[in-house]
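Everything below concerns the one structure shown next.
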Amino acid sequence: MKLSFITVLLCVCCLGSFCLQAQAAYFDGMEAYRQNDFQTALREFKAVEDDVKALYMIGVIYEKGQGVAIDHAEAAQWYRKAADKGNSAAQYRLGRLFERGLGVEENREEAVKWYKKSAKQGYVDARQALKRMDAK
């Protein structure tokens, strides 16, 4: 019984340590981003690719061409990874790329799908995009 308790305790401690390291890398990435050090931000975000917020920020960097060439196709890939994990901002931005045909083939149905997922989570810009698209 003592052995299983110790094993569980060790697992929890190791997992907690990993989570703290990942969180630190994300925050280091955000700090670099705020200071316009986009190369460092990109490196830090890529170090924690399993973090949905980091995935989203990588997409932002590629979409805006911050420290890298503008690459909408690359941005769409990162947004999709974050969107598939439920990030409402990434769902909105992915929808916008589909609506405009930037980095992906223009696809109104796909845009609406992603806008709806984002709007369902309360993302205001997605709700406005849906209203705008209904008006067309």
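Every number here is computed from the coordinates shown, using simple stated rules; none is lab data. Note that this is a predicted model, so its numbers are computed, not measured. Please note: Cβ atoms are built from the backbone with ideal geometry, for glycine as well, and neighbour counts cover all protein chains shown.
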Per residue Cα convex hull volume in Å³ - calculated over the stretch 15-136: 98
The rounded separation in angstrom of the Cα centers of the stretch 54-77 and the stretch 86-115 is 14
Per-residue HN-Hα couplings for the stretch 40-50 [Karplus 6.51, -1.76, 1.60; θ = phi - 60°; Hz; x = Gly/Pro]: 5, 4, 4, 4, 5, 5, 5, 5, 10, 4, 7
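Can you figure out the FRET efficiency of residue 113 with residue 39, using R₀ = 25 Å and their beta-carbon distance, to the nearest 0.05?
Here the calculated transfer efficiency is 0.15.
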HN-Hα couplings for the stretch 93-99 via Karplus (6.51, -1.76, 1.60; θ = phi - 60°), in whole Hz with x for Gly/Pro, come out as 5, 5, x, 5, 5, 5, 4
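Got a sec? How would 81, 131 order by Cβ neighbour count within 10 Å, fewest to most?
With the sparsest Cβ surroundings first, the list reads 131, 81.
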